[in-house]
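Coordinate-derived values only; no laboratory data. This is a predicted model, so every value here is computed, not measured. All Cβ positions, even for glycine, are placed from backbone atoms using ideal geometry, and neighbour counts span all protein chains on display.
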Amino acid sequence: MATEKTLLVSTDGQAVMRSHDDGETWHRIGIDQDLEYDDRVRCLLADPRDPQSIFAGAERGLFHSKDCGVTWSRVDGALNDMAVWKLAVAPGNPDIMYAGTGSPTPSIFFRSTDAGRTWERTALQMPAKCAGVSRPRMLALAVDPDNALDVWAGVEEGGLFHSTNGGTDWERLDTSWPTAAGNSDIHNIIVLPGTPKVVLALVVNALYRSEDGGKTWTRAGAKDSWGMRYSRFLLKKTDSDELFLGIGDGTPGTIGALLRSTDKGATFHPVELPVRPNSCLWAAGGNAADPDFLLIGTKFGDLFSSRDGGRSWQKEWREFNEITDITWLPRVPAYQGSVHVHA
């Protein structure tokens, strides 16, 4: 499917880099904006109602762009000076958005009912310190595609939580899992549409899978199942239940690998990449405007793209500093700013 695209890569120290010509040239954020060009940006979220609208969670709060990432303004309010690690939007009701914060600020779950204009904190807040990473961060948020108030949150390290009323009340679920190291270190959550309700929770060294909405779980250990001990991301194709899993030999690691599932995460199989990734596969993104165009990135800045739904991949020429998140928008803005780097 041919469509114009703006590619966006958030980084730890170079804010958000963007390309408006399919990766041939790249731009960085201009000066004199609320989001600084050297900010630490943790996550990106495309607005499903506006193809030029994008949110960025950064170490200094929440920011919004209405022109595909060319200019950014702060979303003033409850998230000011909070480190925003994850954002999510309800697929069936884009007015409902969720945000998770964390290190170096407190780890708290926030929600918005007006498309991200205002935010309120909820009762879900982690202790100031935790095992493993010292200060917890909310890395994973997921919303049931069939119910905008059914929301899941995962904390590194702090556990897996589920709410059926939009974040007012919470139940912790990982305490019922079989005893295993890493269970409370949640990296990603996917909730698949339909019945029975399949939920996948990715922890640092395993994948937990439920076919009954989180009542019971099965565990697949990363090292035993896929040959590498560190599991980082799950990516669902927007037009199917096909899934991709990013793993590595550690964090940041020296190598990464990509796996693919066509059975709702019951099994995963290796996907060939054109070159050896330089570190753990760390981030991934897609867009419903073209479900076959997918992006994945490594911790240390390799960027790969697929134009056939993940069956084949190419490495993009541009390399980045630490990649934190990736997405793309189905538009190119009229004003694109100055080019920072050329192919």
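For the pair Arg311 and Asp12, label points projected 7 Å from Cα toward Cβ lie 3.6 nm apart.
Approximating the spin labels as points 7 Å out from Cα along Cα→Cβ, the His269-to-Tyr335 distance works out to 5.1 nm.
Between the residues Ala222, Val332, Ile296, the greatest Cα displacement towards the positive end of the dipole of the chain, with unit charges on the Cβ of Lys, Arg, Asp and Glu, is found for Ala222. A full extension of the chain between Ile31 and Thr118 corresponds to an added length of 28.7 nm, given 0.36 nm per residue minus the alpha carbon distance.
Here the spin labels are modelled as points 7 Å beyond Cα on the Cα-Cβ line, and at Ser240 and Lys66 they lie 3.9 nm apart.
If you stretched the chain out fully between Asn93 and Arg276, how much longer would it get, using 0.36 nm times the residue separation minus the C-alpha to C-alpha distance?
Numbers: separation 183, 0.36 × 183 = 65.88 nm, distance 3.99 nm.
Net length gain for the segment: 61.9 nm.
Dividing the summed helix terms, -39500 (n - 2.57) for each DSSP H run of n ≥ 4, by the number of residues in the chain produces a 222 nm estimate of -500 deg cm²/dmol to the nearest 500. This model, with +1 at the C-beta of Lys and Arg and -1 at the C-beta of Asp and Glu, gives the stretch 228-312 a dipole about its Cα centre of some 280 debye.
Residue separation times 0.36 nm, minus the C-alpha to C-alpha distance between Asn147 and Arg74: what's the value?
On the way: separation 73, 0.36 × 73 = 26.28 nm, distance 2.91 nm.
That works out to 23.4 nm of additional length.
In the set (1) 28, 24, 19; (2) 31, 23, 20; (3) 43, 33, 14, the label that goes with semi-axes √(5λ) of the Cα gyration tensor in Å computed for this structure is (1).
Just to confirm the filter: which trypsin sites (Lys or Arg not before Pro) across the stretch 30-136 are DSSP coil and have at most 12 other Cβ within 10 angstrom of their Cβ?
Taking the stretch 30-136 and a limit of 12 other Cβ atoms within 10 Å, the loop trypsin sites (Lys or Arg not before Pro) found are Arg49, Lys129.
Partners of Lys215 within straight-line reach, counting lysines whose Cα lies under 23 Å from its Cα and excluding those fewer than 8 residues away in the same chain: Lys197, Lys236, Lys264.
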